[in-house]
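Read the structure below first, then the notes.
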Amino acid sequence: MNEPVTAVLRCAGVRRSFGALKAVDGVDLTVAAGARHALIGPNGAGKSTLFKLVTGVLRTHAGTVELAGRDVTGLSEVRRCRLGMSQTLQHASLFASMNAVQTVALAVRRHGVDGTGGRRISPFPHREPEVYHRAEQLLADVGLAGRGGVLVPSLSHGERKQLEVALALACRPTLLLLDEPAAGMSPAESARLVGLLAGLPPEITVLFVEHDLDLVFELADAVTVLHLGRVLLSGSPEQIRASDEVGEAYLGSGRTELFLS
């Protein structure tokens, strides 16, 4: 009898170079099912490159990427999405001419109301009540209930970030990847984001890159630190806080106190 898959994402020996620069240099990473797993590190550590290797935006030069026990290393970004991997981007583009519910409805049409497949865009959207019902549900799930009729440019920065999460959830992911989800947010918006992500159902595993360490230590139950393209340390938030090696890589020798606040 096969043992159940407990790792939603597993990277083994993943490498990617750009000329002489080893951006990701033999990274091993395991993300447990249901985890809120943070990927942190100083600027230039390789976090964004690793994210692109996981999602299929970039190809690995060596190593493997597995999603729920399946090797997806050679699959495209679209194929990985169909298998349950979804993402938000650090700099996403949204349709300025649409309101929030219309934007989410596009994603619902693409992936299907029940997750079994999409449909063509209808010239008669009023004939698709189930699509708009699902879109309104997703907006409510991310804290945007009642904001569906607001044009995207009129949403606050934080609300647009929430909208991006709704779009990512439209494909019913098992693994949700967030690239700096709190970038540019006010403290109040960051607090709402933490509540949103913490409240996602446990069947959705979250891997996120974030520079806001207060948010990381509040939300994450596991943390991996990258430095110079390699894993410096993986462990619980408490283990990361207590590591002099991590503090030195981030802040310089003798400046680990910020991790202990």
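Tabulated data
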| read-out | value |
| --- | --- |
| DSSP-loop trypsin sites (Lys or Arg not before Pro) across the range 2-79, with at most 15 other Cβ within 10 angstrom | 59 |
| Neighbourhood charge, 13 Å Cβ-Cβ cut-off, centred on residue 10 and excluding it, Lys, Arg +1 and Asp, Glu -1 | -2 |
| Helix axis angle, 157-169 relative to the chain longest principal axis, alpha carbon, degrees | 80 |
| Equivalent ellipsoid, the range 151-261 (semi-axes from 5 times Cα gyration tensor eigenvalues, Å) | 28, 16, 12 |
| The chain: proportion of alpha-carbon pairs further apart than 27 angstrom, % | 40 |
| Label point distance in nm, residue 248-residue 236, each placed 7 Å from Cα along Cα→Cβ | 2.5 |
| Rounded to 10°, Cα long-axis angle of helix 100-111 versus longest principal axis of the chain | 80 |
| Sparse-neighbour loop sites [trypsin sites (Lys or Arg not before Pro); the range 119-209; at most 16 other C-beta within 10 Å; DSSP] | 119, 120 |
| Euclidean distance of C-alpha centroids, the range 51-76 and the range 136-179, integer Å | 26 |
| Chain lengthening between residue 140 and residue 191 when straightened (0.36 nm per residue, less Cα-Cα) | 16.7 nm |
| Debye-sum result for the range 124-198 in log10 I(q)/I(0), which assumes one identical scatterer on each alpha carbon, at q = 0.13, 0.23 Å⁻¹ | -0.40, -1.14 |
| Residues of type lysines that residue 22 reaches as a straight line, Cα spacing below 23 Å, ignoring anything fewer than 8 places off in the same chain | 47, 52 |
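Taken together, the values in this text are just the output of simple stated rules run on the coordinates, not laboratory data. Nothing here was measured: the structure is a model prediction, and the numbers come from that model. As a convention, Cβ positions derive from the backbone with ideal geometry for all residues, glycine included, and neighbour counts pool all protein chains shown.
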